[in-house]
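Visitor: I'd like to ask some things about the structure below.
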Amino acid sequence: MTQPSGSCLCGAVAFAIEGEFKDFFLCHCSHCRKGSGSAHAANLFAPNARLRWLRGADSVANFQLPGTRHVRAFCRHCGSALPNEALAEGLVMVPAGCLDTPLTLRPSAHIFTASRAGWDSALEQVPAVPGSPAMPGNQAG
Ligand SMILES: [Zn+2]
Ligand SMILES: [Zn+2]
């Protein structure tokens, strides 16, 4: 089995995870919506695991929302979400989108759905466009 590894958008930071993912939560809480800028975060959890920075450890910043356990690690240069070990000893949380290795695990659950954004419903019914949509500023074709 391939060791899970990933990197940020600009490439400054790369990491590997020594351990296995047990849970995969799509979190719709207001903190994750703000932090991700999207409908939900997609976080993998590996208990009894180790996070190893392959490069750019000094480019990783952490933000903990005061008074909460909400922590977000990100690249100082490009802002990409990155893994952190802040929740509990040996528990590594990995944003699924920053992985470069294939992931076979399917999401375990949508969580904090009581905090869903108003527009976040029946999204599978929204038209799907394989590439860039037709809108001002886009190349024709
Ligand atoms: Zn980066
Ligand atoms: Zn959340």
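Visitor: Would you confirm whether any residue within region 18-27 is more than 27 Å from S115 (Cβ to Cβ), surrounded by fewer than 18 Cβ atoms within 10 Å (Cβ to Cβ) and within 16 Å of ligand 1 (Cβ to nearest atom)?
Guide: Checked region 18-27: no residue is more than 27 Å from S115 (Cβ to Cβ), surrounded by fewer than 18 Cβ atoms within 10 Å (Cβ to Cβ) and within 16 Å of ligand 1 (Cβ to nearest atom).
Visitor: Of the residues S38, S7, S59, only one is open to solvent by less than 20 Å² (accessible area, probe 1.4 Å) and among the hydroxyl-bearing types (S, T, Y); which?
Guide: It is S59.
Visitor: Pairs please, first residue from region 49-62 and under 17 Å from L87 (Cα atoms) and within 12 Å of ligand 1 (Cβ to nearest atom), second anywhere and of a type outside the set (D, E, K, R) and in a strand (DSSP E or B), Cβ atoms under 6 Å, 6+ apart in sequence or on different chains.
Guide: Partner pairs satisfying both residue conditions: V60/A73; V60/L82; A61/F74.
Visitor: Kindly state which strands (runs of 3 or more DSSP E) lie completely within region 11-105 and contain at least 3 residues that are over 29 Å from D120 (Cβ atoms).
Guide: Those strands (runs of 3 or more DSSP E) span 14-18, 50-55.
Visitor: Same structure again: So if I check each of S7, S80, S36, which one is in contact with a strand residue (DSSP E or B) (Cβ under 8 Å, 6 or more places away or on another chain), free of Cβ contacts under 8 Å to residues at least 60 places away in the same chain and of a type in the set (S, T, N, Q)?
Guide: Unique residue meeting the criteria: S36.
Visitor: Also, I was wondering about something else. Here is a list: T104, T113. Which entry is more than 17 Å from L9 (Cα to Cα), among the polar types (S, T, N, Q), open to solvent by 50 Å² or more (accessible area, probe 1.4 Å) and touching a residue at least 40 places away in the same chain (Cβ under 8 Å)?
Guide: T113
Visitor: Could I ask something else about it? Taking the conditions exactly as written (open to solvent by 40 Å² or more (accessible area, probe 1.4 Å) and within 16 Å of ligand 1 (Cβ to nearest atom)), does L87 satisfy them or not?
Guide: It is false that L87 is open to solvent by 40 Å² or more (accessible area, probe 1.4 Å) and within 16 Å of ligand 1 (Cβ to nearest atom).
The values are calculated or read from the model by the stated rules, or taken from the named source; none is laboratory data. Source: prediction; values computed, not measured. Ideal geometry is used to build each Cβ from the backbone, glycine not excepted, and the neighbour counts take in all protein chains shown. Accessible surface areas use protein heavy atoms only, side chains included; no ligands, DNA or RNA. Shrake-Rupley method; radii C 1.70, N 1.55, O 1.52, S 1.80 Å.
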